[in-house]
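Written out below as structure tokens is the structure these notes cover.
Computed from the coordinates by the stated procedures, all read-outs in this text should not be read as laboratory data. All values derive from a computational prediction rather than experimental measurement. Note: ideal-geometry Cβ built from the backbone for every residue, glycine included; neighbour counts use all protein chains shown.
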Amino acid sequence: MTPTAAVLAVDHGTKKTGFASTDALRTAEWPLDCWHGPGDGAELLEHIAELIEERSARTLLVGLPLNMDGTESGRSKDVRGFIERARARLSGVEVIPFDERLTTRAAAELLQEAGFHGEERKVRLDSWSALVLLRDWLETGEPR
């Protein structure tokens, strides 16, 4: 079955949240601008709702911070709370947690390869982490 809706990926943070998206056929992915503000406020969910509507996304992929051994990290509880709030706010959108281990490291390497350094790399890191998360999920067959 061919996908017919975009996916929005989220690298959730306490002060800054990164985003990446696909097209409806999931053949292209790109990072979006970061959102600056608290990760537990209603404003973030409103911003996500706007991104979902403008991109006609039906899936919200949320990076779940796990320890290297696969166990839940200290941040996992916060992110799981965010996931529950997102599910309550975004009717008709499938909200999927997905392991985000090593996405930040991979994003930093991609940014370096793309020629971004210093502040340019810093402002893009969260959204490029969301991009790596999205690519990993797509490459593993979009597990639920």
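General observations
- Value of D in µm² per second that Stokes-Einstein yields for the chain, Kirkwood Rh from Cα pairs, at 10 °C (1.306 mPa s): 105
- Rounded to whole Å, the principal axis extents of the Cα atoms in segment 71-144 read 39, 27, 26, largest first.
- Over the residues of the chain, the helix contribution to mean residue ellipticity at 222 nm works out to -14000 deg cm²/dmol, using -39500 (n - 2.57) for each DSSP H run of at least 4.
- Sequence of L102, L111 once ranked by neighbouring C-beta atoms within 10 Å, starting from the fewest: L102, L111
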